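The structure appears below as C-alpha cells.
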Amino acid sequence: MTQTKCLLLGVTGGIAAYKAAELTRLLVQEGIEVQVVMTEAACRFVGPATFQALSGNTVYTDLWDARIANNMAHIDLSREADVVLVAPASADFIAKLVHGRADDLLSTLCLARECPLLVAPAMNRQMWENPATQRNIAQLERDGVTILGPESGEQACGETGMGRMLEPETLLEDIRANFQPRLLQGKRVLITAGPTFEAIDTVRGITNLSSGKMGYATARAALEAGAEVILVSGSVSLTAPARVKLVSVTSAQEMFAAVRQAVGDADIFIGVAAVADYHVVNPSKQKIKKSSQSLNLQLAPNPDILEYVASLPDGPFCVGFAAESENFHQHAEQKRRDKKIPLLAANLVQDTLGKDESELVLFDDSGVHPLPRAPKITLARQLIRHIAELYAKSRTVAQFKKNQAGK
Ligand code: C5P
C-alpha cells in the first residue's frame, strides 16, 4: 500500500452495516487509519462499540458531540481524511448527498470535505431500480463521486437482484486503487492485450491461450495512476475497466491497424498482447469441407507491432512482454535488445497463461528486477511504477539532448 493515511468510513442504516465491520478489520490490517462515523439508523444495526474495537478509534455519531472542543466535528473529521467512503450507503443517504443536505454528522462532513468521496450503495432491488435512485446515482457520478457497486445477489429481504453491497474484499481492492499515486497523470498510454485470431476459414482459426488478464490489469493500473488509456484487445472474456477506451480487434493485422491509428498521440506503448507470428494466406471464404486429402495451410509472417512502434521517430516509450518456456533470463534480454526497447517484462509461459497470479522479471538498462509472485493487478501496479520512473528519466534525457543540440 502506498503512503496510506486516513480513511473516514461512514456507515448508514442498512443490514450491510455488518459487512462494514469486516471492512474496518481489513482496512486496519492493511495499515490504514480508519475513523468511523455512523448515522443514527446505522447504530440500530451494529453498535458503535464494534467499530471502536475494530478501528481502535472513537466512533462519532453526533453533530453536537461535546468531546470535540471546538464543536466542529464535521470540519475536523473531514480535514483529517484522505478519502471518505460511505459503506453501506442507504437510498436515503444517497438522496441526501445529491441535495447537499447536512442534517447529521455524516452528511455534514461529506458536504464539508475536500477529499474524494466513494459511495457503496446497499438496498433492496426495487429501491435500487427506482428511477429516483437511478437519477440520484447519475447525479452523484456527475458530481465526481465514485460509486462502488452494488452487485446482484441474494438480499436480506429474501429477494435476489441488484442492490447488494460489494463484499469487503472487493471494497478493499477499490480503496487500494484509490490510493495509488498519480504517477502517469495526464499521460496517454496505449496497451495491447489478449490473443489474436488468424482465420483459416469462416469458422476456424489459429489462436493462443492468452486470457488478456495481464493486459487488462496493466490497463487498470495505468488508469489508477492517472493515465488516459487506450486498450487494443483481442477477443477475451473480460470486462474492460470503465474509463478505458477499448478497441476490440480479432487478427494481428487488425491489431496493427488499431495501434497505428492511436500511436501518434501515445506517450507510452505497452505490448502485452500475445500476437500470432503468422497468419494464413488466403483464408477460405467458405467453411472447409472434410476430405481424406491432407490440407496444407500457407502461413505468412505478421507485422511485429512492438518493433514497429519502437522504430518510430519520436515514438512513445515502449514496453514489451515476453512469455518464455525456458531460459527466460537469456531470451528476454536478447529480445529487449533485438526490439530496441528500454523495458521488457518476462515470465514463464506455463506459469502465467490464464492464471490470476504470476511472477515477472523486468529487464532494463540498469539490470534485472524480479517481481515476486502476486496477483496480476499487484504486478501491474509495480510495473506501472517502474515504467513511470523510467519514462520520467527518459524525458529528462531527451530534454537535455534537445537543449544541447539547440546551443
Ligand atoms: O517476439 P515475441 O513475440 O516473443 O515478443 C513479444 C512482445 O512483442 C510482446 O510485447 C508482444 O505484444 C509483442 N509482439 C507484437 N507483435 C508481434 C509479435 C509480438 O507487438 N507480431
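The values are calculated or read from the model by the stated rules, or taken from the named source; none is laboratory data. Note that the structure is predicted; figures quoted are calculated from it, not measured. Cβ: placed from backbone, ideal geometry, glycine included. Neighbour counts: every protein chain shown. Accessible surface is based on the protein model in full, side chains and every heavy atom, while ligands, DNA and RNA are left aside. Shrake-Rupley method; radii C 1.70, N 1.55, O 1.52, S 1.80 Å.
Panel values: the stretch 6-179, Kirkwood radius from alpha carbon pairs, Stokes-Einstein at 4 °C and 1.567 mPa s, translational diffusion coefficient 82 µm²/s.
Computed with a 1.4 Å probe over protein heavy atoms only, the accessible surface of the chain comes to 50 Å² per residue. Give me the percent of accessible area attributable to carbon and sulfur for the chain, probe 1.4 angstrom. Answer for the chain is 50 percent, counting heavy atoms of protein chains only. For a straight C-alpha distance cut-off of 18 angstrom, the aspartates and glutamates reachable from residue 402 (same-chain residues fewer than eight places away being disregarded) are 267, 314. Our note on the geometry: Cα centres of the stretch 152-177 and the stretch 45-96, 22 Å apart. Restricting the calculation to Cα atoms, the chain shows an Rg/Rh of 1.06 when the hydrodynamic-style radius is the Kirkwood one.
The C-alpha atoms of the stretch 191-302 occupy a region whose extents along the principal axes are 57, 27, 18 Å, arranged from largest to smallest. Rank 35, 271, 210 by how far each Cα sits towards the positive end of the charge dipole of the chain (+1 on Lys, Arg Cβ; -1 on Asp, Glu Cβ) and give me just the farthest. The listed residue farthest towards the positive side: 271.
Listed by chain and number, the aspartates and glutamates whose C-alpha is less than 13 Å from the C-alpha of residue 96, apart from same-chain residues fewer than 8 away, are 104. Normalising by residue count, the stretch 309-407 has a Cα convex hull of 99 Å³ per residue. Summary of packing: across the peptides 337-343, 195-201, 268-274, 154-160, the per-residue average of other C-beta atoms within 10 Å ranks them, highest first, as 268-274, 195-201, 337-343, 154-160.
Treating only the Cβ atoms of Lys and Arg (+1) and Asp and Glu (-1) as charged, compute the dipole magnitude of the chain about its Cα centre; round to the nearest 20 debye. Mind showing how you got there, number by number?
Details: 42 positive and 45 negative charges, 250 e Å.
Dipole about the Cα centre, nearest 20: 1200 debye.
Could you list, in their original order, any pairs among 187/245; 245/340; 213/376; 340/393 whose Cα atoms are separated by more than 19 Å? As for pairs spanning more than 19 Å Cα to Cα, those are 245/340. Beta-bridge orientation, the chain: approximately 30 percent antiparallel, per DSSP, counting only bridges with both partners inside.
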